[in-house]
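As C-alpha coordinates, the structure follows; a few thoughts come after it.
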Amino acid sequence: MPPLADINYEVHSLRDLHPDMADQLEKKCRENYFNSMLGLIARPETLERGDGLATTFNQVERGTIDCWHLLAPMMKDDVEESRQMRRYLGIHSAPQSGRRPRGKIEVVPVLDGSKVNPVERTMTGFQLMEYDLLNGALLFPVSLAWVLSGPAFEATTILSEEAVRRAKADREAINFEREQLGLPPYPPIRYTWLVSPFQEQSRWTKSIIQRGFRRLEEIEKEENEMDLAAFPPEREIFIPQPFLKGFQIFVRKLENDDDDGGVPEQKKKRKRTDY
(Lines give C-alpha, C1' and ligand atoms only; values in the text may rest on other atoms or scores of the structure.)
Protein backbone atom coordinates (compact mmCIF):
# COMPACT_ATOMS: atom_id res chain seq x y z
CA MET A 1 0.00 0.00 0.00
CA PRO A 2 1.49 3.39 -0.99
CA PRO A 3 1.62 6.37 1.43
CA LEU A 4 -1.71 8.07 2.16
CA ALA A 5 -0.40 11.24 0.51
CA ASP A 6 -0.43 9.41 -2.83
CA ILE A 7 -4.00 8.12 -2.50
CA ASN A 8 -6.87 9.68 -4.42
CA TYR A 9 -10.55 9.17 -3.47
CA GLU A 10 -13.55 9.17 -5.81
CA VAL A 11 -17.23 8.47 -5.09
CA HIS A 12 -19.53 8.00 -8.09
CA SER A 13 -23.29 7.71 -8.14
CA LEU A 14 -24.17 4.75 -10.32
CA ARG A 15 -26.64 6.78 -12.34
CA ASP A 16 -23.89 9.28 -13.25
CA LEU A 17 -21.51 6.68 -14.72
CA HIS A 18 -21.24 6.35 -18.49
CA PRO A 19 -21.74 2.67 -19.51
CA ASP A 20 -18.20 2.44 -20.91
CA MET A 21 -16.78 3.85 -17.70
CA ALA A 22 -18.88 1.45 -15.63
CA ASP A 23 -17.61 -1.52 -17.65
CA GLN A 24 -13.97 -0.58 -17.16
CA LEU A 25 -14.44 0.09 -13.47
CA GLU A 26 -16.26 -3.23 -13.03
CA LYS A 27 -13.26 -5.08 -14.49
CA LYS A 28 -10.83 -3.31 -12.18
CA CYS A 29 -13.05 -3.87 -9.15
CA ARG A 30 -13.40 -7.56 -10.01
CA GLU A 31 -9.64 -8.00 -10.12
CA ASN A 32 -9.22 -6.11 -6.85
CA TYR A 33 -12.01 -8.12 -5.22
CA PHE A 34 -10.58 -11.51 -6.14
CA ASN A 35 -7.05 -10.58 -5.07
CA SER A 36 -8.28 -9.12 -1.78
CA MET A 37 -10.71 -11.89 -0.82
CA LEU A 38 -8.36 -14.75 -1.65
CA GLY A 39 -5.63 -13.01 0.32
CA LEU A 40 -8.00 -12.37 3.22
CA ILE A 41 -9.81 -15.70 3.60
CA ALA A 42 -7.49 -18.26 1.98
CA ARG A 43 -5.00 -18.12 4.84
CA PRO A 44 -4.06 -21.35 6.64
CA GLU A 45 -5.09 -20.01 10.05
CA THR A 46 -8.43 -18.76 8.67
CA LEU A 47 -9.18 -22.00 6.85
CA GLU A 48 -8.31 -24.10 9.91
CA ARG A 49 -10.91 -22.24 12.00
CA GLY A 50 -13.50 -22.35 9.23
CA ASP A 51 -13.79 -18.59 9.50
CA GLY A 52 -15.33 -16.89 6.47
CA LEU A 53 -17.55 -19.91 5.67
CA ALA A 54 -14.73 -21.96 4.09
CA THR A 55 -12.21 -24.61 5.17
CA THR A 56 -10.41 -25.24 1.85
CA PHE A 57 -8.92 -23.06 -0.85
CA ASN A 58 -11.39 -24.47 -3.40
CA GLN A 59 -14.28 -23.41 -1.19
CA VAL A 60 -12.83 -19.92 -0.87
CA GLU A 61 -12.38 -19.67 -4.63
CA ARG A 62 -15.89 -20.93 -5.34
CA GLY A 63 -17.39 -18.66 -2.69
CA THR A 64 -15.51 -15.63 -4.02
CA ILE A 65 -16.81 -16.29 -7.54
CA ASP A 66 -20.37 -16.75 -6.29
CA CYS A 67 -20.24 -13.58 -4.18
CA TRP A 68 -18.94 -11.53 -7.08
CA HIS A 69 -21.83 -12.72 -9.24
CA LEU A 70 -24.13 -11.29 -6.56
CA LEU A 71 -22.21 -8.01 -6.24
CA ALA A 72 -21.56 -7.25 -9.92
CA PRO A 73 -25.16 -6.24 -10.78
CA MET A 74 -24.99 -3.59 -8.04
CA MET A 75 -22.37 -1.80 -10.14
CA LYS A 76 -24.65 -1.56 -13.17
CA ASP A 77 -28.31 -1.79 -12.17
CA ASP A 78 -29.88 1.54 -11.24
CA VAL A 79 -32.77 0.77 -8.86
CA GLU A 80 -33.53 4.27 -7.63
CA GLU A 81 -36.83 4.59 -9.47
CA SER A 82 -38.02 1.07 -8.70
CA ARG A 83 -36.78 0.62 -5.12
CA GLN A 84 -35.94 4.13 -3.88
CA MET A 85 -32.30 3.18 -3.42
CA ARG A 86 -29.32 5.03 -4.85
CA ARG A 87 -26.12 3.10 -5.48
CA TYR A 88 -22.56 4.38 -5.35
CA LEU A 89 -19.09 3.17 -6.25
CA GLY A 90 -16.19 4.54 -4.22
CA ILE A 91 -12.57 4.00 -5.26
CA HIS A 92 -9.19 4.83 -3.82
CA SER A 93 -6.23 4.67 -6.17
CA ALA A 94 -2.53 5.46 -6.38
CA PRO A 95 0.08 6.09 -9.08
CA GLN A 96 1.57 3.03 -10.70
CA SER A 97 4.65 1.73 -8.90
CA GLY A 98 7.59 4.07 -9.19
CA ARG A 99 5.53 7.08 -10.27
CA ARG A 100 4.60 10.02 -8.09
CA PRO A 101 1.53 12.19 -8.70
CA ARG A 102 1.75 15.80 -9.76
CA GLY A 103 -1.28 17.56 -8.37
CA LYS A 104 -4.67 15.82 -8.34
CA ILE A 105 -4.87 12.76 -10.58
CA GLU A 106 -8.29 11.31 -11.28
CA VAL A 107 -9.11 7.64 -10.85
CA VAL A 108 -8.97 5.21 -13.79
CA PRO A 109 -10.85 5.62 -16.03
CA VAL A 110 -11.82 9.28 -16.18
CA LEU A 111 -14.89 10.37 -18.07
CA ASP A 112 -14.30 13.27 -20.46
CA GLY A 113 -17.69 14.07 -21.95
CA SER A 114 -18.69 10.77 -23.60
CA LYS A 115 -15.11 9.56 -24.01
CA VAL A 116 -13.33 7.29 -21.57
CA ASN A 117 -9.71 8.30 -21.00
CA PRO A 118 -7.58 5.79 -19.08
CA VAL A 119 -5.16 7.38 -16.62
CA GLU A 120 -2.21 5.49 -15.22
CA ARG A 121 -3.51 4.73 -11.75
CA THR A 122 -3.58 1.56 -9.67
CA MET A 123 -6.77 0.71 -7.82
CA THR A 124 -5.87 0.11 -4.17
CA GLY A 125 -9.42 -0.53 -2.95
CA PHE A 126 -13.10 0.11 -3.58
CA GLN A 127 -16.50 0.20 -1.91
CA LEU A 128 -20.06 -0.33 -3.00
CA MET A 129 -22.74 1.59 -1.12
CA GLU A 130 -26.52 1.42 -1.36
CA TYR A 131 -28.45 4.38 0.04
CA ASP A 132 -31.94 3.44 1.25
CA LEU A 133 -33.68 6.78 0.75
CA LEU A 134 -36.89 5.80 2.53
CA ASN A 135 -35.22 4.51 5.70
CA GLY A 136 -32.10 6.68 5.97
CA ALA A 137 -29.61 3.80 5.98
CA LEU A 138 -26.43 3.11 3.99
CA LEU A 139 -25.49 -0.49 3.22
CA PHE A 140 -21.85 -1.27 2.37
CA PRO A 141 -22.00 -4.62 0.52
CA VAL A 142 -18.23 -4.61 0.05
CA SER A 143 -15.40 -2.46 1.40
CA LEU A 144 -11.79 -3.22 0.42
CA ALA A 145 -9.02 -3.31 1.38
CA TRP A 146 -10.19 -4.71 4.73
CA VAL A 147 -7.17 -4.77 7.03
CA LEU A 148 -6.54 -4.24 10.73
CA SER A 149 -4.21 -1.24 10.64
CA GLY A 150 -1.86 0.87 8.55
CA PRO A 151 -2.38 3.05 5.46
CA ALA A 152 -4.91 0.66 3.91
CA PHE A 153 -7.05 0.84 7.06
CA GLU A 154 -6.89 4.64 6.94
CA ALA A 155 -7.67 4.75 3.21
CA THR A 156 -10.72 2.53 3.58
CA THR A 157 -11.98 4.68 6.47
CA ILE A 158 -11.46 7.92 4.57
CA LEU A 159 -13.26 6.54 1.52
CA SER A 160 -16.26 5.43 3.58
CA GLU A 161 -16.48 8.89 5.15
CA GLU A 162 -16.38 10.44 1.67
CA ALA A 163 -19.19 8.12 0.59
CA VAL A 164 -21.35 9.06 3.58
CA ARG A 165 -20.77 12.77 2.92
CA ARG A 166 -21.71 12.28 -0.73
CA ALA A 167 -24.96 10.54 0.24
CA LYS A 168 -25.79 13.34 2.71
CA ALA A 169 -25.19 15.98 0.03
CA ASP A 170 -27.36 14.06 -2.43
CA ARG A 171 -30.13 13.82 0.14
CA GLU A 172 -30.15 17.60 0.54
CA ALA A 173 -30.32 18.10 -3.23
CA ILE A 174 -33.07 15.51 -3.64
CA ASN A 175 -35.12 16.95 -0.78
CA PHE A 176 -34.86 20.43 -2.29
CA GLU A 177 -36.35 19.06 -5.52
CA ARG A 178 -39.06 17.20 -3.60
CA GLU A 179 -39.97 20.37 -1.74
CA GLN A 180 -40.51 22.16 -5.04
CA LEU A 181 -42.87 19.36 -6.06
CA GLY A 182 -44.76 19.42 -2.77
CA LEU A 183 -43.41 15.99 -1.73
CA PRO A 184 -42.30 15.05 1.80
CA PRO A 185 -38.53 14.97 2.44
CA TYR A 186 -36.50 11.81 2.84
CA PRO A 187 -35.41 11.22 6.46
CA PRO A 188 -31.88 11.96 7.73
CA ILE A 189 -29.26 9.26 7.29
CA ARG A 190 -28.97 7.52 10.65
CA TYR A 191 -27.13 4.26 10.02
CA THR A 192 -24.41 2.62 8.00
CA TRP A 193 -24.37 -1.17 8.03
CA LEU A 194 -22.84 -4.30 6.57
CA VAL A 195 -23.13 -8.08 6.65
CA SER A 196 -20.22 -10.27 7.75
CA PRO A 197 -19.52 -14.01 7.28
CA PHE A 198 -16.83 -14.08 9.98
CA GLN A 199 -17.16 -15.92 13.26
CA GLU A 200 -17.61 -14.29 16.66
CA GLN A 201 -13.97 -14.51 17.78
CA SER A 202 -12.45 -13.73 14.39
CA ARG A 203 -9.96 -10.88 14.25
CA TRP A 204 -11.94 -9.62 11.26
CA THR A 205 -15.06 -9.38 13.42
CA LYS A 206 -12.98 -7.47 15.94
CA SER A 207 -11.89 -5.10 13.18
CA ILE A 208 -15.53 -4.41 12.34
CA ILE A 209 -16.23 -3.54 15.98
CA GLN A 210 -13.05 -1.42 16.00
CA ARG A 211 -14.63 0.72 13.28
CA GLY A 212 -17.57 1.51 15.54
CA PHE A 213 -20.02 -1.12 14.26
CA ARG A 214 -22.21 -3.11 16.64
CA ARG A 215 -24.47 -6.07 16.13
CA LEU A 216 -27.98 -5.15 15.06
CA GLU A 217 -29.51 -6.98 18.04
CA GLU A 218 -27.52 -4.85 20.49
CA ILE A 219 -28.68 -1.56 18.99
CA GLU A 220 -32.24 -2.82 18.68
CA LYS A 221 -32.35 -3.53 22.44
CA GLU A 222 -31.25 0.03 23.22
CA GLU A 223 -33.63 1.72 20.79
CA ASN A 224 -37.17 0.58 21.53
CA GLU A 225 -38.61 2.44 18.55
CA MET A 226 -35.94 1.43 16.05
CA ASP A 227 -37.44 0.82 12.61
CA LEU A 228 -36.06 -2.45 11.25
CA ALA A 229 -37.42 -1.88 7.73
CA ALA A 230 -33.89 -0.99 6.56
CA PHE A 231 -32.43 -4.40 7.50
CA PRO A 232 -32.99 -8.07 6.64
CA PRO A 233 -35.27 -9.89 6.80
CA GLU A 234 -37.54 -6.84 6.34
CA ARG A 235 -35.71 -5.86 3.16
CA GLU A 236 -33.94 -7.83 0.48
CA ILE A 237 -30.23 -7.38 -0.16
CA PHE A 238 -27.71 -8.83 -2.60
CA ILE A 239 -27.44 -12.05 -0.56
CA PRO A 240 -30.46 -14.37 -1.03
CA GLN A 241 -32.54 -14.70 2.12
CA PRO A 242 -31.87 -18.46 2.71
CA PHE A 243 -28.11 -17.84 2.89
CA LEU A 244 -28.27 -14.94 5.35
CA LYS A 245 -28.34 -17.34 8.29
CA GLY A 246 -24.57 -17.65 7.98
CA PHE A 247 -24.02 -13.89 8.24
CA GLN A 248 -24.08 -11.31 11.02
CA ILE A 249 -25.49 -7.82 10.58
CA PHE A 250 -23.37 -4.99 11.97
CA VAL A 251 -24.67 -1.43 12.28
CA ARG A 252 -22.89 1.88 12.83
CA LYS A 253 -25.23 4.54 14.23
CA LEU A 254 -24.49 8.08 13.03
CA GLU A 255 -24.79 10.08 16.23
CA ASN A 256 -25.20 13.56 14.71
CA ASP A 257 -24.98 15.54 11.47
CA ASP A 258 -21.19 15.75 11.72
CA ASP A 259 -20.74 12.01 12.18
CA ASP A 260 -19.67 10.52 8.84
CA GLY A 261 -19.15 6.99 10.11
CA GLY A 262 -15.40 7.00 10.71
CA VAL A 263 -13.48 5.40 13.56
CA PRO A 264 -13.96 7.84 16.48
CA GLU A 265 -10.44 7.56 17.96
CA GLN A 266 -8.79 7.59 14.57
CA LYS A 267 -10.89 10.52 13.45
CA LYS A 268 -9.68 12.59 16.41
CA LYS A 269 -6.06 11.77 15.62
CA ARG A 270 -6.46 12.91 12.02
CA LYS A 271 -8.03 16.18 13.20
CA ARG A 272 -5.15 16.88 15.57
CA THR A 273 -2.66 16.69 12.73
CA ASP A 274 -4.36 19.67 11.08
CA TYR A 275 -3.32 22.14 13.81
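How much solvent-accessible surface does Met1 expose, in Å² to the nearest 10, with a 1.4 Å probe and all protein chains in place?
Per-residue accessible area (Met1): approximately 100 Å².
If ligands, DNA and RNA are left out, what is the accessible area of Glu154 with a 1.4 Å probe, given in Å² to the nearest 10?
Rounded to the nearest 10, the figure is 50 Å².
Roughly how many whole Å is it from the C-alpha centroid of the stretch 45-88 to that of the stretch 226-243?
Distance between centres, Cα-based: 15 Å.
Please compare each pair in Lys76/Lys253; Lys221/Lys245; Lys27/Lys76; Lys27/Lys206; Lys27/Lys245 to a cut-off of 23 Å on the Cα-Cα distance and tell me which ones are over it.
Lys76/Lys253; Lys27/Lys206; Lys27/Lys245
Rank these residues by their accessible area, most exposed first, probe 1.4 Å: Lys206, Lys28.
Final ranking, largest accessible area leading: Lys206, Lys28.
For q = 0.09 Å⁻¹, what log10 I(q)/I(0) does the chain give under the Debye formula with an equal point scatterer on each alpha carbon and no solvent?
Treating every Cα as an identical point scatterer, log10 I(q)/I(0) equals -0.43.
With a 1.4 Å probe and every protein chain kept in, tell me what percent of the accessible surface of the chain is carbon plus sulfur.
Answer for the chain is 50 percent, counting heavy atoms of protein chains only.
If you rank Lys245, Lys221 by how much accessible surface each has, with a 1.4 Å probe, what is the order from largest down?
From most exposed to least exposed: Lys245, Lys221.
The values are calculated or read from the model by the stated rules, or taken from the named source; none is laboratory data. Please read these numbers as outputs of a predicted model, since none were measured by experiment. Accessible surface areas use protein heavy atoms only, side chains included; no ligands, DNA or RNA. Shrake-Rupley method; radii C 1.70, N 1.55, O 1.52, S 1.80 Å.
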